[in-house]
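Right, one structure below, let's go through it.
The values are calculated or read from the model by the stated rules, or taken from the named source; none is laboratory data. Quick caveat, the model's predicted, so the values are computed rather than measured. All Cβ positions, glycine included, derive from the backbone under ideal geometry; neighbour counts span all protein chains shown.
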């Protein structure tokens, strides 16, 4: 059972009641829970102007209903909000009540009859459910109630509201009907064809309702969970009961329509259902799967997988290839083709991939086929997402195979056009004369528009303090303060230049004229205490910030940092 999230709890009561309910968390007592047919019912007593009984039913991470005896009476009051907050925070705080089955089992027949009559007096609409439990449910009863439940559920629900939901839309009445159908299915006597037909009509009504809902909103999602439960019920009726005549044909046709719609999961339940069909029915299902597997899109892939699972036995290469093609996974298909020596086809397939390619996995198959050059050319041709990864892989291949000149040329090409730090490391790793290459690179980046950041990264990485200082000084306010502070921290930079940069950055930060800006300025200056000493640093700061005498917040932050 999925735990109730705070978000789901908030959504039930709304933000206003949620906020009002927080103080009542401390006023909840008599916390208890019990497992009901619809989910877990949590109960408590909330102390307000009076003591109010509050309860909420939770199932699979969502609130089904809630109530409170306070005057609001909406089921979404502040007392309900407090209860739901407690459920979300610590469901273990609720003591478990005695199991309902144990309670009912302890009642003798007269006591049970009195209880049922009292319940029906309070809720006469439950009378149909009582007769249903006695095996007297008719197809008309079930289908009419299901149709009414769908009509009530769909009324007023718009596509925008459906898209805003994080889960399938909830319907208390549909949940109750599914529970009722499930109970009747469990209690179905073998050979009771009339009751089996009634249940089948109920599940068919559910599928019809889902389809009508989708057609009304022109969508194909939202109630697939209901459809799956209805399908599972029909599978079970075919497996454990006797469906004959028109109802059998209707059920077969409904399942075939669900297959066509793509809502059937070709799982173990589906395979078990096919196995109990008559030979001619099995052939029809298999023919439909074969037809669907020749289509396109996700339905094609699911149908093909279902068809292969039905056939059983080991899959051939042709089967695996068909699945990969139906699954629209060109990256995996390319690897599959390469592993079978079909490198030309693999390259054609991999060229259609827009994202990164698994070059490390592809290398072995291509090498064994004597086609590594084709894979290298593919890496060079990448222009979309994954381009850098492809070329970095190629650089490693060049180095690993002794092609240093090609590796060096590739790294040079990329380091002046890419912001990736890996290319600087790759160029340095493959260089035979790094100092000379570094100077050439610095010269090229100085003359390249928009390359300031890459040039500074290079100077910082190489510890070229004076050149980095000159670059930052020339850039002025166009570079981020944090970069200037990195230059100021370089060991090779003179104390005078480090102090100058630090003060300039601190003055830029303090210009924000608020306490946080002053704190950042003080942090920028603190490293000077270790570099210049306390006396000299304080003199420098006092001269740089004469306004601190009339700005208490600035003076306070500088003093806290030991700078005044």
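So the values come out like this:
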| read-out | value |
| --- | --- |
| Residues of the range 518-543 classified as surrounded by fewer than 21 Cβ atoms within 10 Å (Cβ to Cβ) and within 20 Å of residue 487 (Cα to Cα), total | 10 |
| Of the criteria (1) in the same structural domain as residue 233 (by TED's automatic domain parsing); (2) at pLDDT below 90; (3) closer than 24 Å to residue 39 by Cβ, which one residue 199 fails | (2) |
| Residue that is modelled with the lowest pLDDT [pool: residues in the range 404-425 that are in contact with a helix residue (DSSP H, G or I) (Cβ under 8 Å, 6 or more places away or on another chain) and part of a loop (DSSP other than H, G, I, E, B)] | 419 |
| Some residue of the range 253-262 being assigned by TED's automatic domain parsing to the domain that holds residue 177 and over 28 Å from residue 149 (Cα atoms) | no |
| Subset of the range 354-395 (residues that are within 17 Å of residue 415 (Cα to Cα) and not in a helix (DSSP H, G or I)) | 382, 383, 386 |
| Subset tally (residues that are at pLDDT 90 or above and either buried (at least 20 other Cβ atoms within 10 Å of the Cβ) or out of contact with any helix residue (DSSP H, G or I) (no Cβ under 8 Å at 6 or more places or on another chain) (or both)) for the range 69-88 | 11 |
| Unique match (being assigned to a helix (DSSP H, G or I), touching a strand residue (DSSP E or B) at 6+ places or on another chain (Cβ under 9 Å) and either at pLDDT 90 or above or more than 20 Å from residue 90 (Cβ to Cβ) (or both)) among 56, 9, 46 | 9 |
| Helices (runs of 4 or more DSSP H) contained entirely in the range 281-341, each with at least 2 residues that are without any contact (Cβ under 8 Å) to a residue 60 or more places away in the chain and surrounded by fewer than 16 Cβ atoms within 10 Å (Cβ to Cβ) | 298-311, 317-326 |
